[in-house]
Amino acid sequence: MNGSRLLPLVLLLAWCTATAPAQLVTGRLSTAFYTWEQFDTVGTSQQYLRAYQTAQVTIAQGDVSLTTFLQGSANFAGTFGEAGRVRFYNLYLSWANIGKMVDLHLGRQGIFAGVGVGTIDGLSAKARFLRNKVTVTGYGGASVGPEFTGVRKNMHDNYFFGGQVVTSLVPGARIGLSYLNRHEERDPYWTLRARDTSFSPVPYYVTFDSPAEELGSADARYDYSDRFSVYGRYDHDFLNQRTSRAQGGARVQVTSRLSVNADYIHRVPRVFYNSIFSAFVTNSVDELEGGAEYAFTPLLRLFGRMAWVSYTDEKSHRWTLGLNTNYGSVAYSGSDGYAGELTSFSVQGSYPFFGRMVIPTAGISYASYRLSKEGTRDNAFALLLGAAVRPVSAFSCDIQAQWLTNKLMQRDLRAQLRLNYWFSERLSLINGEGKQ
């Protein structure tokens, strides 16, 4: 099924929901334009203009609702080698609070359940037990391709299922267990290959094993009032038989104004089993970060962070010192070691006018960097100007311009304009009453 066949399905489901009385229709429409100039060769450039239209719509009747989120894009200037495209990120029917304990979602939907993160064309369910202190989530369906258009075929090679159990039975604690099993087929193709030592080209049909991943995860968080919190997580890769991720962290509110935190994370690149990338050696990265924050006033907060990063045979460090306010921030940051050397300074801020109807924004940043100790040091400078205008609650206009100069580009100017419209209407079409 391609994108053009999904649109009639959206309209059909919308009509079925709309034929019930007293429907609540809510959503947001956004139109955006993005333009920039690209230099393909020295002294030769092209102007690009790309437009986006997004629609987020929910039609609800009691505990039943239809939700969709789609985006269309097209080029008005410049060439990308593609025409307009429509992506369906969400398109699902929901039935909430079944028996005061179960929620069901059917269709294309995002999954956020512990280690299971992605999009499926299928069914998900969430059940609540013991006064909502235990939540069980399960999901399954076809995995969705990166183009977010039609439904994938050959579900036996393109499936995505798993689940999560979360409990808060222990006072102050949240404990979760999750599981993910995902397969995504790669499209076969014809090419030319050498037949023998004569190197005569012959047609050859290339096929692949279905890339897959199977992960399990356990995570826990404990909060003691607002004074202390601790968090831990462990992910295991069953197919590659190794730890995928291990993480721990703690935060302590030393005084009413001073808080300190520390975090540790061990990461291994998530590579699909049977994919071409699994043939390469992958190494883990260990990172330890500590920081502190001091509040002079509720509107003025000083913060600092320092991190030590360990690779297989190399090390790197990074640091940040900054000041946050309700109207902007100032930050000085840097890094050295294997990840390269960087020193940067940035200032950004915004201030509302006319009862927050107009909010201008501005930012400036400077960076000095080099990729290695033996390399030459280069500089980059960036400027940002913009504004958000919201004359009425249902409409807003955002405009932003970015200018950058560095070693590779003498000037790089980009601009974006976005128009947003929010709506909420209660209809009763079955009775011929229209809007209410």
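The values are calculated or read from the model by the stated rules, or taken from the named source; none is laboratory data. Just so it is clear, the structure is predicted and the values come from calculations on it, not from any experiment. Counting neighbours? That spans all protein chains shown, and the Cβs are built from the backbone with ideal geometry, glycine included.
Those strands (runs of 3 or more DSSP E) of the stretch 224-322 in which at least 2 residues are closer than 22 Å to GLU184 by Cα, considering only elements entirely within it, cover 228-237, 242-253. Checking the structure you have, find out if any residue of the stretch 194-211 is touching a residue at least 24 places away in the same chain (Cβ under 8 Å), not in a loop (DSSP other than H, G, I, E, B) and not aromatic (Phe, Trp, Tyr). Checked against the condition, which is being touching a residue at least 24 places away in the same chain (Cβ under 8 Å), not in a loop (DSSP other than H, G, I, E, B) and not aromatic (Phe, Trp, Tyr), the stretch 194-211 yields no hits at all. Answer yes or no: is there a residue in the stretch 409-424 that is exposed (fewer than 12 other Cβ atoms within 10 Å of the Cβ), polar (S, T, N, Q), part of a loop (DSSP other than H, G, I, E, B) and on the phi < 0 side of the Ramachandran plot. The answer is yes; a qualifying residue exists. For the stretch 292-317, the tally of residues that are more than 20 Å from ARG251 (Cα to Cα), of a type in the set (D, E, K, R) and either in contact (Cβ under 8 Å) with a residue 12 or more places away in the chain or touching a His at 6+ places or on another chain (Cβ under 6 Å) (or both) stands at 2. For the criterion of being surrounded by 14 or more Cβ atoms within 10 Å (Cβ to Cβ), modelled with pLDDT of 95 or more and on the phi < 0 side of the Ramachandran plot, ASN406 fails.
When you check ALA246 against the structure, is it under 23 Å from the mean Cα position of the chain (by Cα), modelled with pLDDT of 90 or more and over 30 Å from LYS373 (Cα atoms), yes or no? Answer is yes for this residue. The residue list GLY162, GLY145, GLY99, GLY176 contains one member that is at pLDDT below 95 and either surrounded by fewer than 15 Cβ atoms within 10 Å (Cβ to Cβ) or touching a strand residue (DSSP E or B) at 6+ places or on another chain (Cβ under 9 Å) (or both), which is GLY99. For the structure I just gave you, tell me whether SER4 is farther than 30 Å from LYS100 by Cβ, at pLDDT 95 or above and either loosely packed, with under 12 Cβ neighbours inside 10 Å or small (Gly, Ala, Ser) (or both). So SER4 does not fit the description; no.
Conditions tested, residue by residue: (1) within 25 Å of the chain's Cα centre (by Cα); (2) of a type in the set (Gly, Ala, Ser); (3) within 20 Å of HIS183 (Cα to Cα); (4) exposed (fewer than 15 other Cβ atoms within 10 Å of the Cβ).
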position: ASP237; (1), (2), (3), (4): yes, no, yes, no
position: ASN240; (1), (2), (3), (4): no, no, yes, no
position: ARG257; (1), (2), (3), (4): no, no, no, yes
position: VAL268; (1), (2), (3), (4): yes, no, yes, no
position: VAL271; (1), (2), (3), (4): yes, no, yes, no
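Hey, any hits in the stretch 73-91 for a residue that's of a type outside the set (Phe, Trp, Tyr), over 23 Å from the mean Cα position of the chain (by Cα), modelled with pLDDT of 95 or more and part of a strand (DSSP E or B)? No: the stretch 73-91 contains no residue that is of a type outside the set (Phe, Trp, Tyr), over 23 Å from the mean Cα position of the chain (by Cα), modelled with pLDDT of 95 or more and part of a strand (DSSP E or B).
Here VAL358 meets the list (1) surrounded by 13 or more Cβ atoms within 10 Å (Cβ to Cβ); (2) within 27 Å of the chain's Cα centre (by Cα) almost entirely, failing just condition (2). Against the conditions (1) buried (at least 17 other Cβ atoms within 10 Å of the Cβ); (2) within 30 Å of ARG193 (Cα to Cα); (3) in contact with a strand residue (DSSP E or B) (Cβ under 6 Å, 6 or more places away or on another chain), VAL206 satisfies every one except (1). Under the condition of being charged (D, E, K, R) and either without any contact (Cβ under 8 Å) to a residue 24 or more places away in the chain or closer than 16 Å to ALA113 by Cα (or both), the residues counted in the stretch 138-160 number 1. Annotation: GLN348 fulfils all but one of (1) part of a strand (DSSP E or B); (2) closer than 21 Å to PHE395 by Cβ; the unmet one is (2). For the stretch 407-422, filtered to residues that are over 28 Å from the mean Cα position of the chain (by Cα) and in contact (Cβ under 8 Å) with a residue 24 or more places away in the chain, the residue that is farthest from ILE59 (Cα to Cα) is LYS407.
Which condition number in (1) buried (at least 16 other Cβ atoms within 10 Å of the Cβ); (2) without any contact (Cβ under 8 Å) to a residue 40 or more places away in the chain; (3) not β-branched (Val, Ile, Thr) is the one that SER65 fails? SER65 satisfies all of (1) buried (at least 16 other Cβ atoms within 10 Å of the Cβ); (2) without any contact (Cβ under 8 Å) to a residue 40 or more places away in the chain; (3) not β-branched (Val, Ile, Thr) except (2).
Is it the case that ALA339 is among the small types (Gly, Ala, Ser) and under 30 Å from THR297 (Cβ atoms)? Answer is no for this residue. When SER365 is tested against (1) within 30 Å of GLN247 (Cα to Cα); (2) in a strand (DSSP E or B); (3) not hydrophobic (A, V, I, L, M, F, W, C), exactly one condition is not met: (1).
A quick yes/no check of all residues on (1) over 30 Å from ARG128 (Cβ atoms); (2) in contact with a His (Cβ under 6 Å, 6 or more places away or on another chain):
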{"residue": "VAL170", "(1), (2)": "no, no"}
{"residue": "ARG193", "(1), (2)": "yes, no"}
{"residue": "ALA212", "(1), (2)": "yes, yes"}
{"residue": "ASP226", "(1), (2)": "no, no"}
{"residue": "SER229", "(1), (2)": "no, no"}
{"residue": "ALA246", "(1), (2)": "no, yes"}
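Within the stretch 118-136, the residues that satisfy the criterion of being among the aliphatic types (A, V, I, L, M), in contact with a strand residue (DSSP E or B) (Cβ under 7 Å, 6 or more places away or on another chain) and in contact (Cβ under 8 Å) with a residue 24 or more places away in the chain are ILE120, ALA127, VAL134, VAL136.
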